[in-house]
Amino acid sequence: MTKIKTLADLERIKNEMRSDKDLNGSQDNSENAVRIKVGMGTSGIASGARDVMDFLTEALEKRNIEAVVSQTGDMGYSYAEPTIEVRKPGQKPVVFGYVDVKKADLIIEKYIKLGEEVEGIIPVNYQTIDD
Amino acid sequence: MTNLGGSKMSQHKQIRIALNNCGVIDPENIKEYIARDGYLALGKCLTEMKPEDIIREIKDSGLRGRGGGGFPAGLKWEIAAKNQADQKYVVCNADEGDPGAFMDRSILEGDPHAVLEAMAICGYSMGATKGLIYIRAEYPLAIERLKIAIEQAREFGLLGKNLFGTDFEFDIEIRYGAGAFVCGEETALIHSMEGLRGEPTIKPPYPAESGYFGKPTNVNNVETYANVPIILRKGANWFNKIGTEKSKGTKVFALAGKIKNVGLVEVPMGTTLREVIYEIGGGIENDKKFKAVQTGGPSGGCLTEKHLDTPIDFDNLVQAGSMMGSGGMIVMDEDNCMVSVAKFYLEFTVEESCGKCSPCRIGNKRLYELLDRITQGKGEMEDLKRLRNMSNVIKDTSLCGLGQTSPNPVLSTLDNFYDEYVAHVVDKKCIAGQCKDLMTYFVIEENCVGCTACARVCPVGAITGEKKEVHYINPEICIKCGACEERCKFDAIIVK
Ligand SMILES: Cc1cc2nc3c(=O)[nH]c(=O)nc-3n(C[C@H](O)[C@H](O)[C@H](O)COP(=O)(O)O)c2cc1C
Ligand code: SF4
Ligand code: SF4
Ligand code: SF4
């Protein structure tokens, strides 16, 4: 890795990372991938987020669904851990709470594959610095 | 699909500034941080701004310390900048000792680079090249992610020598605390890092004058730092439009206790307690009645119904008899006994007092003993006066912030729940039904079918009664274990 020496160097990495600002810099910038983030702070992990992440990574691959599964920090919803955010191509991200392996399976089969609603959606309840 | 948000942003009660990246980026990938404009503020500061411009910007933003005291961050940086020395230090206080608090842990676990970037900016503005993060060893995941972040930042040339092609250098080390609450106090924290006992010393001198090994040292809290890169990216005038007149920006709270949506929230200063508890927190669990909300941890107080519409900021909370603290917010319902709440915090304080000065070491122990006596039904009215007098003495004569604030939970409950104290002392009753010694188990005659189940589980044979006839609990024998109440299928046993 060459070191960052200028603001332009920084900009280059930024652009490399996000052809689409909303992708939040996942390295795989494929337009067709489903992007899943698993809340892996201490409370998420304590509630089983690691199993959910392993399951999602494996199941999506086995079921031939193009996806990028990554970890992230605490989403703030301790009451509903584990939490995951799912962003289908071209759609707004949706956060699901109370996600155990069974629920994760349901999310793949119903929400990701068929676009059907799955219980446990946590609506966005905050403004970001860019709003 | 139903409306999943995104469009009607303005109606949201929360704004995520310190938590901007938390739960959004992969904290173990520096590129994800950079993709969200990470390190842009550092780059701009180093290549386009003079140290005094940065300090002015932080001052203009109105940012105040989020670790409890609320001291203006820009002013602190300025003092550290003005004190000349061959070496200066930037310290991040990640001790987070309040029971139930996890704001700082979440920030470090979710967005470690924000803190690193802010520390480097602080270093540049005050003329320090070394940063130290003091974190409790009980935070293994936060430590792990910090280590990865520091490693990656070094790899990318964002920590180390010649940052952004300038001759400014800055590097950061992690120091571990054993998790003593008093080590969060900045002078104790510094002594602990120096390898001395983690005991506070009298201020002044403040760390900004004479801190780590006697050098000018800036100590800020994790959340304070997490705001810095964003303030410098968006501008002081963006930040100071959020909040109240004297408290700018947002505050992160860890909502806990008898509330539906336990979790992390970040609200603009000036949001009311009611909005946090009912609109964001979803209200009280099991639709019980709200009784009190505790802020400020062991240094804070319990606020009641009449404070619910108080806009949260540093000054209002102090005026209401509590304090902002670092962000713990514990909601209590009708089942919480307020004397027990005060006792809980005093037990914590007694445990955590470093013992250096007697008002705190001995006084808090006496307070605890009085409270314990009251919860056992052995208190007298005179004790309530003693509690208040002793609290005031401890506040006035303790050496550090721990002792100076430790009686607050006692004073605020005495102020707001005096009747409850009196009930314990005079009527020997605990209205909330929490103080075991003051409770009595009864059989409700109308409900009892005489199934004998209760008598069979009672470990001390306190229950008598013939089959198919009303049973009776002998209060002289009953040890209040609760087994009978649990066993009775007919709701015939209650406790009062
Ligand atoms: C007993 C005691 C415990 C403290 N614990 C913490 C703590 O855990 N974290 C923290 O940031 N500040 C804590 N403080 C406040 C620090 O002394 C100091 O004011 C703070 O770190 C300064 O940073 P800020 O101005 O950014 O808040 C504590 C103070 C006292 C008296
Ligand atoms: S007030 Fe308590 S914690 Fe602070 S120095 Fe005195 S004994 Fe130690
Ligand atoms: S268990 Fe309940 S109903 Fe049965 S005898 Fe005891 S009090 Fe009466
Ligand atoms: S509370 Fe325990 S000791 Fe008292 S009557 Fe019931 S079972 Fe017996």
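The values are calculated or read from the model by the stated rules, or taken from the named source; none is laboratory data. Keep in mind it's a predicted model, so treat the numbers as computed, not measured. When we count neighbours, we look across all protein chains shown, and the Cβ atoms used for this are built from the backbone with ideal geometry, even at glycine. For the accessible areas, the whole protein counts, side chains as well, though only heavy atoms, and no ligand, DNA or RNA atoms are used. Shrake-Rupley method; radii C 1.70, N 1.55, O 1.52, S 1.80 Å.
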- Note on the structure: Of (1) surrounded by 13 or more Cβ atoms within 10 Å (Cβ to Cβ); (2) within 16 Å of ligand 2 (Cβ to nearest atom), B:Lys480 fails just (2)
- Task: State whether the residues of the range B:266-277 include one that is of a type in the set (S, T, N, Q) and open to solvent by 40 Å² or more (accessible area, probe 1.4 Å).
- Result: no
- Would you check if there is a residue in the range A:68-79 being more than 12 Å from every other protein chain (Cβ to nearest Cβ) and touching a residue at least 12 places away in the same chain (Cβ under 8 Å)? no
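Name every residue in the range A:94-118 that is open to solvent by 40 Å² or more (accessible area, probe 1.4 Å) and either without any contact (Cβ under 8 Å) to a residue 24 or more places away in the chain or within 12 Å of A:Ile36 (Cα to Cα) (or both), in order of residue number.
Result: A:Tyr98, A:Lys102, A:Leu106, A:Glu109, A:Lys110, A:Leu114, A:Glu116, A:Glu117.
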- Task: For B:Gly23, state whether it is surrounded by 24 or more Cβ atoms within 10 Å (Cβ to Cβ) and either outside any helix (DSSP H, G or I) or among the β-branched types (Val, Ile, Thr) (or both).
- Result: yes
- Query: Where in the range B:26-143 are there helices (runs of 4 or more DSSP H), lying wholly inside it, with at least 1 residues that are open to solvent by less than 10 Å² (accessible area, probe 1.4 Å) and closer than 18 Å to B:Lys161 by Cα?
  - Reply: B:40-48, B:112-126
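For the range A:119-130, enumerate the residues that are surrounded by 12 or more Cβ atoms within 10 Å (Cβ to Cβ) and away from chain B (no Cβ under 11 Å). Walk me through how you get there before you give the answer.
Residues of the range A:119-130 surrounded by 12 or more Cβ atoms within 10 Å (Cβ to Cβ): A:120-129.
Hit for the range A:119-130 is A:Gly120, nothing else.
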- Message: For B:Ala188, only one of the following conditions fails: (1) within 14 Å of ligand 1 (Cβ to nearest atom); (2) at pLDDT below 95. What is its number?
- Response: (2)
- Taking into account only those residues within the range B:453-463 that are exposed (fewer than 15 other Cβ atoms within 10 Å of the Cβ) and under 12 Å from B:Ile473 (Cα atoms), which is farthest from ligand 4 (Cβ to nearest atom)? B:Gly461
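Could you check the range B:331-357 and list, in sequence order, the residues that are assigned to a strand (DSSP E or B) and either buried (at least 24 other Cβ atoms within 10 Å of the Cβ) or out of contact with any strand residue (DSSP E or B) (no Cβ under 8 Å at 6 or more places or on another chain) (or both)? Outline the logic, then answer.
So the first thing to find is which residues in the range B:331-357 are assigned to a strand (DSSP E or B), and the list is B:331-333.
Correct list: B:Val331 only.
Looking only at residues in the range B:406-417 that are in a helix (DSSP H, G or I) and in contact with a helix residue (DSSP H, G or I) (Cβ under 7 Å, 6 or more places away or on another chain), which one is farthest from B:Met390 (Cα to Cα)? Can you show your working first?
Just the residues of the range B:406-417 that are in a helix (DSSP H, G or I), to begin with: B:408-416.
This time we only want the ones that are in contact with a helix residue (DSSP H, G or I) (Cβ under 7 Å, 6 or more places away or on another chain), so: B:408-411, B:413-414.
Working: B:Asn408: 12, B:Pro409: 13, B:Val410: 10, B:Leu411: 10, B:Thr413: 15, B:Leu414: 13 Å.
Among those residues, the one meeting the criterion is B:Thr413.
Results for (1) part of a loop (DSSP other than H, G, I, E, B); (2) of a type in the set (A, V, I, L, M, F, W, C); (3) within 14 Å of ligand 4 (Cβ to nearest atom); (4) not assigned by TED's automatic domain parsing to the domain that holds B:Gly67, shown as yes or no for each residue.
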position: B:Gln404; (1), (2), (3), (4): no, no, no, yes
position: B:Asp419; (1), (2), (3), (4): no, no, no, yes
position: B:Val422; (1), (2), (3), (4): no, yes, no, yes
position: B:Glu445; (1), (2), (3), (4): yes, no, no, yes
position: B:Glu469; (1), (2), (3), (4): yes, no, no, yes
position: B:Glu476; (1), (2), (3), (4): yes, no, yes, yes
position: B:Cys484; (1), (2), (3), (4): no, yes, yes, yes
position: B:Phe490; (1), (2), (3), (4): yes, yes, no, yes
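Determine which member of the set B:Gly450, B:Gly461 is at positive phi, more than 10 Å from ligand 3 (Cβ to nearest atom) and either within 14 Å of another protein chain (Cβ to nearest Cβ) or not in a helix (DSSP H, G or I) (or both). If you could, list the steps in order and put the result at the bottom.
Numbers: B:Gly450 fails: more than 10 Å from ligand 3 (Cβ to nearest atom).
The unique qualifying residue is B:Gly461.
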